[in-house]
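Here the structure is laid out as structure tokens; the discussion comes afterwards.
The values are calculated or read from the model by the stated rules, or taken from the named source; none is laboratory data. In this text the structure is predicted, and so the values were computed from the model without any measurement. Positions of Cβ are generated from backbone atoms using ideal geometry, with glycine treated the same way; all protein chains shown enter the neighbour counts.
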Amino acid sequence: MRALCCIGLSLLLAGGAFSQRRIEDMTDEEAAYLKDRLKDPGTLKGFLEDNFSGNHSIWPDEITLFKRKFGLADDTLRGILTDICHETARKTEWRPFQDGDPEETLFNKRRLSRSIKWLGYCADEPTKDFLMEVATDGTKAWDYRAAATVAYIQCADANQVRDAIARFFIDVEEGRYAPDASTFQVYDDSEGDPQKREAIVASLIVALAREGDKNIFSCRDKQLAERSREYATSAQRLDMLKRMSKLPPSKARDTDPDLKKALAAFRFRFFKTNVSTNLTELMARDFGKPE
């Protein structure tokens, strides 16, 4: 029986087996075994490479728990992730994911994208600069630039978050694109940094006010309203909802029902909050200081 248990524990070192389980569901015995094995840098690197290559990887909301549970210092993790990133960048030449990619090519592209995302959880200043370079490099495939954008926001301070969201999600001249769910993961991870959370909320409000895609707006509006009561009950949100509701019906299953539900919440609301959708005001605000 003990031998079978050891075999089962050893499977945890295979990324595919581990990645389909939540870290919080591991037994104490499994966690202790893995923590001891991951003390070796080579084993840790191999573990991450295997995990990153699979269809499923460690859930983004578990990266912080992964670091804490297995006692991984930022310097150690950052060095290994940087090695994986540079090695896979040479192999993939920053090319996009494509149907028909050979298996090992696909694995290396996944490793590159995921190592970039993980760097946001252990970045120092040079790493932060590297992430911004990737995010703004038009010669690199979109997948890696998007990963670098979110990773940068993850490790940035409050004012840097504002600048990054304005640059990538608001400024049309920079080639604006829509914030994805990962931005809200950063918000959730920033529980101990109220200024950073406020910067994310304030910046996304300005971004949503300029969003023209009904499906994207509906999804992000719902996520933002769940995190900010001021936005959820604001007169400005009501105006956005009305504007989006006038667009042609969406083919997406949840878009129009979610918009109708959000509008209905305002039906008997006599008092509404106010939030700013002004980009100039956003950029003039110092989020490093509590209001």
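See the values below:
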read-out	value
Unique residue being at pLDDT 95 or above and surrounded by fewer than 16 Cβ atoms within 10 Å (Cβ to Cβ) when the list is Glu191, Glu226	Glu226
Any chance Ala202 is under 28 Å from Thr64 (Cα atoms), of a type in the set (A, V, I, L, M) and either in a loop (DSSP other than H, G, I, E, B) or modelled with pLDDT under 95 (or both)	no
Number of the exception - Arg269 against (1) assigned to a loop (DSSP other than H, G, I, E, B); (2) modelled with pLDDT of 95 or more	(2)
Residue tally, condition at pLDDT 95 or above and outside any helix (DSSP H, G or I), over the range 43-71	0
Among the candidates Gly79, Gly16, residue that is part of a helix (DSSP H, G or I), under 22 Å from the mean Cα position of the chain (by Cα), among the small types (Gly, Ala, Ser) and modelled with pLDDT of 95 or more	Gly79
Selection status of Asp101, surrounded by fewer than 18 Cβ atoms within 10 Å (Cβ to Cβ), of a type outside the set (Val, Ile, Thr) and either touching a residue at least 40 places away in the same chain (Cβ under 8 Å) or within 30 Å of Glu24 (Cβ to Cβ) (or both)	no
Test: residue in the range 235-247 that is in contact with a helix residue (DSSP H, G or I) (Cβ under 9 Å, 6 or more places away or on another chain) and over 15 Å from Glu211 (Cα atoms)	no
Number of the exception - Met283 against (1) under 28 Å from Asp157 (Cα atoms); (2) among the hydrophobic types (A, V, I, L, M, F, W, C); (3) surrounded by 15 or more Cβ atoms within 10 Å (Cβ to Cβ); (4) in contact with a helix residue (DSSP H, G or I) (Cβ under 8 Å, 6 or more places away or on another chain)	(3)
Selected residue [surrounded by 13 or more Cβ atoms within 10 Å (Cβ to Cβ), touching a Lys or Arg at 6+ places or on another chain (Cβ under 6 Å) and more than 24 Å from Arg167 (Cβ to Cβ)] from Leu247, Leu259, Leu263	Leu247
Within the range 123-164, tally of residues that are over 18 Å from Thr64 (Cα atoms) and outside any helix (DSSP H, G or I)	6
Failed item in (1) out of contact with any Gly (no Cβ under 7 Å at 6 or more places or on another chain); (2) closer than 22 Å to Thr64 by Cα, with Pro102 passing the rest	(2)
Search result, residues across the range 79-98 that are surrounded by 19 or more Cβ atoms within 10 Å (Cβ to Cβ) and either in contact (Cβ under 8 Å) with a residue 40 or more places away in the chain or touching a His at 6+ places or on another chain (Cβ under 8 Å) (or both)	Leu81
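Here is a yes/no grid of residues against (1) in a helix (DSSP H, G or I); (2) within 30 Å of Phe66 (Cβ to Cβ); (3) free of Cβ contacts under 8 Å to residues at least 12 places away in the same chain:
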| position | (1), (2), (3) |
| --- | --- |
| Glu211 | no, no, no |
| Lys222 | yes, yes, no |
| Asp239 | yes, no, yes |
| Met244 | yes, no, no |
| Leu247 | no, no, no |
| Lys261 | yes, no, yes |
| Val275 | no, no, no |
| Glu281 | yes, no, yes |
